[in-house]
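The values are calculated or read from the model by the stated rules, or taken from the named source; none is laboratory data. Please read these numbers as outputs of a predicted model, since none were measured by experiment. Neighbour counts run over all protein chains shown; Cβ positions are idealised from the backbone, glycine included.
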Amino acid sequence: MSKDVKGIAASDGIGIAPAYLLIDPDLSYDKDKKVEDTDAEYARVEKAFNDSIDELQKIKENAKGRLGDEELEVFDAHIAILSDPEMLGQIKDDINNNKTSAEAAVDKVTTNFADMLAAMTDNKYMQERAADVKDVAKRAMSHLLGKQLPNIAGIDKPVVIVAKEITPSDTSQMDAKFVKGIVTDLGGRTSHAAIMSRTLRIPAVVGSENITENAQNGQNVIVDGLHGDIIVDPSDDQIKDYQAKADAFEKERAEWAKLVDAPSVSKDGKHFEIAANIGTPDDVDDAMKQGADGVGLFRSEFLYMGSDHMPTEDEQFEAYKKAIVGMKGKPVVVRTLDIGGDKPLDYMPLPDEMNPFLGYRAIRICLDRPEIFKTQLRALIRASEFGPLSIMFPMIGTLAELRQAKKIFAECKDELQKDHPGLGDDIKLGMMIEVPLAAINADKMAAEVDFFSIGTNDLIQYNFAADRGNDAVSYLYQPLNPAFLGLINHVIAAAHRHGTKAAMCGEMAGDELALPLLMGMGLDEYSMSASSILRSRSMMKDLDTKDCAKLSEKAMELDTNEEVADLVKKELNLD
């Protein structure tokens, strides 16, 4: 009988193939072993680490052409871990001081490093780097013990990879011709493996918790990366049904690809903008490949989170310039520093708070520490020389905050224009609508800015008083709730009354059920993950805005999120 397992949809698509359990060799060792020749024992560590580095360099070389520059940089990060003098020093000290074996010392030190990262529950990015340390340790241990790790690159028939977790080096060896899907117990959408699976276009479902306990080698597995479903040992009818869905999805994707250079326009000829959300300048390449009309959200905090120091003005300038130049004349919207809440900085300690999501974060930090804010604004103004740039302020709640942010921007621009007249004059200023009061007060806010960008992730969280990271209240993530739709409609209408552009950069912008409703309300720009752009553009060209307006009016008259979802599905004939 088939088993249904639920996980996190990490990479679009549907895959069907026999399970290939990614089982590591036995890397156990004699934990009580003591050594006399500590120099010789440490020499074994050095050889194992050097052999691991050589192996990673070969894997990276073989992966070129299948992975982008950002993904390939993961291997440089792994090599850097293997070359870390702090880690090597601790291993050497353990061997010298405790006469422990190379295996025991490597195991102990790398486990400590990984545990330290895994314990950083308030920094998801750093927490997920624990997997990188484990991956490096496993490779080094395999060399110490003379055991061969699984040869994923040698897979020569269709399979679904089933694993506790997938490491970046695992994913890089996968040939999408044979690997039809990936399912794991652990992992999230932001892990390196999830990012790589999307790059390779391998359907993936991660974080299932127990898929390795439910699947055996050779059993057929269906991976539904669209909805996060896994079916182990499916019936013939289920295979037939999902194969039809897979064929339909691939046909759809082929049709979407034809729209890369097409305008984002509705059936009745109304033009919109479909933009990409990015985290680093390197993400621009994928945005361009997916036909983005621009960058609707450059999350500048990743420049800070990926650094071990406060980024200098010049460092930021180079990053913003790279993104702007890479978009080749298409507009780029940069959100100013948005840290705090779930995004702390190790080198800038923030006060402990009962509720950091409602506390000292984003624009509140920038206005309190103008020297940090000015460094970023100066870098942005300088970068605006290389293409169309907009700046938006996050977490604005009051007019006073908005005006203070604009005043600091004006001061920076005036300072720079002393030597560079006119620099920054073309920059458009906007604000995030994510604080409920700002949404309520949208009419007055709209008179002060060139554009709004509705951040639905936080706006939903704050309006429903429901932590979006808390599974117990996840049912309150209701972007289609009629009352919430009414608030969105109010914000868009307020913007348009003042000639202000209305954009959206939250997850809702890429939601196929929300798209017709937002088009009906007149939302101007939809900013989303690059992988969702072509699907949204394809859907948009078949929608008439007059019909969408009637649909959104009907939706706002209903009572529940579920009723709205059913209405849209019925009207658009969606499954």
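Sort out for me the helices (runs of 4 or more DSSP H) sitting completely within the stretch 527-575 that have 3 or more residues that are free of Cβ contacts under 8 Å to residues at least 40 places away in the same chain and in contact with a Gly (Cβ under 8 Å, 6 or more places away or on another chain).
545-556
Taking only pairs six or more apart or across chains, which ones have beta-carbon atoms under 6 Å, a first residue in the stretch 326-339 that is surrounded by 21 or more Cβ atoms within 10 Å (Cβ to Cβ), and a second residue that is among the polar types (S, T, N, Q) and assigned to a strand (DSSP E or B)?
Every condition considered, the pairs that remain are Val333/Ser390.
Could you list, in sequence order, all residues of the stretch 267-281 that are under 24 Å from Asp346 (Cβ atoms) and within 13 Å of the chain's Cα centre (by Cα)?
Across the stretch 267-281, the qualifying residues are Ile278, Gly279, Thr280.
So for the stretch 304-320 (the condition being outside any loop (DSSP other than H, G, I, E, B) and modelled with pLDDT under 95), does at least one residue qualify?
Yes, there is a match, as at least one residue in the stretch 304-320 is outside any loop (DSSP other than H, G, I, E, B) and modelled with pLDDT under 95.
Counting only residues that are hydrophobic (A, V, I, L, M, F, W, C) and more than 19 Å from the chain's Cα centre (by Cα), how many does the stretch 283-316 have?
Counting residues in the stretch 283-316 that are hydrophobic (A, V, I, L, M, F, W, C) and more than 19 Å from the chain's Cα centre (by Cα) gives 1.
Considering each of Lys570, Lys546 in turn, give the residue that is touching an Asp or Glu at 6+ places or on another chain (Cβ under 7 Å) and surrounded by fewer than 18 Cβ atoms within 10 Å (Cβ to Cβ).
Working: Lys570 fails: touching an Asp or Glu at 6+ places or on another chain (Cβ under 7 Å).
After applying the criteria, what remains is Lys546.
Within the stretch 349-376, how many residues turn out to be of a type outside the set (Ser, Thr, Tyr), more than 23 Å from the chain's Cα centre (by Cα) and within 18 Å of Phe302 (Cβ to Cβ)?
Kept after step one, since they are of a type outside the set (Ser, Thr, Tyr), are these residues of the stretch 349-376: 349-359, 361-374, 376.
Next, from what is left, pick out any that are more than 23 Å from the chain's Cα centre (by Cα): 349-355, 359, 364-374.
Now drop any that are not within 18 Å of Phe302 (Cβ to Cβ), which leaves 350, 365-366, 372-373.
Residues that pass the stated criteria total 5.
Name the single residue, out of those in the stretch 440-478 being of a type in the set (S, T, N, Q), more than 19 Å from Ile391 (Cα to Cα) and out of contact with any Ser or Thr (no Cβ under 9 Å at 6 or more places or on another chain), that is surrounded by the most Cβ atoms within 10 Å (Cβ to Cβ).
Taking the stretch 440-478 and keeping what is of a type in the set (S, T, N, Q), we get 441, 453, 456-457, 461, 463, 470, 474, 478.
Now drop any that are not more than 19 Å from Ile391 (Cα to Cα), which leaves 441, 457, 461, 463, 470, 474, 478.
In the following step, the residues that additionally are out of contact with any Ser or Thr (no Cβ under 9 Å at 6 or more places or on another chain) were identified as 457, 461, 463, 470, 474.
Values: Asn457: 15, Gln461: 21, Asn463: 19, Asn470: 10, Ser474: 11.
Among residues in the stretch 440-478 that are of a type in the set (S, T, N, Q), more than 19 Å from Ile391 (Cα to Cα) and out of contact with any Ser or Thr (no Cβ under 9 Å at 6 or more places or on another chain), the one surrounded by the most Cβ atoms within 10 Å (Cβ to Cβ) is Gln461.
Only one of Ile16, Ile79, Ile59, Ile53 is part of a strand (DSSP E or B) and in contact with a helix residue (DSSP H, G or I) (Cβ under 8 Å, 6 or more places away or on another chain). Can you tell me which?
Exactly one of Ile16, Ile79, Ile59, Ile53 is part of a strand (DSSP E or B) and in contact with a helix residue (DSSP H, G or I) (Cβ under 8 Å, 6 or more places away or on another chain), namely Ile16.
Within the bounds of the stretch 415-435, is there any residue that is among the small types (Gly, Ala, Ser), touching an Asp or Glu at 6+ places or on another chain (Cβ under 6 Å) and assigned to a loop (DSSP other than H, G, I, E, B)?
Scanning the stretch 415-435 turns up no residue that is among the small types (Gly, Ala, Ser), touching an Asp or Glu at 6+ places or on another chain (Cβ under 6 Å) and assigned to a loop (DSSP other than H, G, I, E, B).
Kindly provide the set of residues from the stretch 389-410 that are surrounded by 14 or more Cβ atoms within 10 Å (Cβ to Cβ) and assigned to a helix (DSSP H, G or I), ordered by number.
Within the stretch 389-410, Leu399, Glu401, Leu402, Gln404, Ala405, Lys406, Ile408, Phe409 meet the criteria.
Sort out which residues of the stretch 448-468 are in contact with a helix residue (DSSP H, G or I) (Cβ under 9 Å, 6 or more places away or on another chain) and not in a helix (DSSP H, G or I), and write them in order of number.
Glu448, Val449, Phe451, Phe452, Ile454, Phe464, Ala465, Ala466, Asp467, Arg468
Can you list residue pairs whose Cβ atoms sit under 7 Å apart, with the first residue in the stretch 2-26 being among the hydroxyl-bearing types (Ser, Thr, Tyr) and the second being modelled with pLDDT of 90 or more and part of a strand (DSSP E or B)? Count only pairs 6 or more apart in sequence or on different chains.
Ser2/Ile231; Ser2/Val232; Ser11/Ala204; Tyr20/Val159; Tyr20/Val160; Tyr20/Ile161; Tyr20/Val162
State whether one or more residues within the stretch 234-246 are out of contact with any Cys (no Cβ under 8 Å at 6 or more places or on another chain), more than 30 Å from Asp547 (Cα to Cα) and assigned to a loop (DSSP other than H, G, I, E, B).
Yes.
Say we look at the stretch 340-364 and pick out the residues that are without any contact (Cβ under 8 Å) to a residue 60 or more places away in the chain and of a type in the set (Phe, Trp, Tyr); which of these is surrounded by the fewest Cβ atoms within 10 Å (Cβ to Cβ)?
Tyr347
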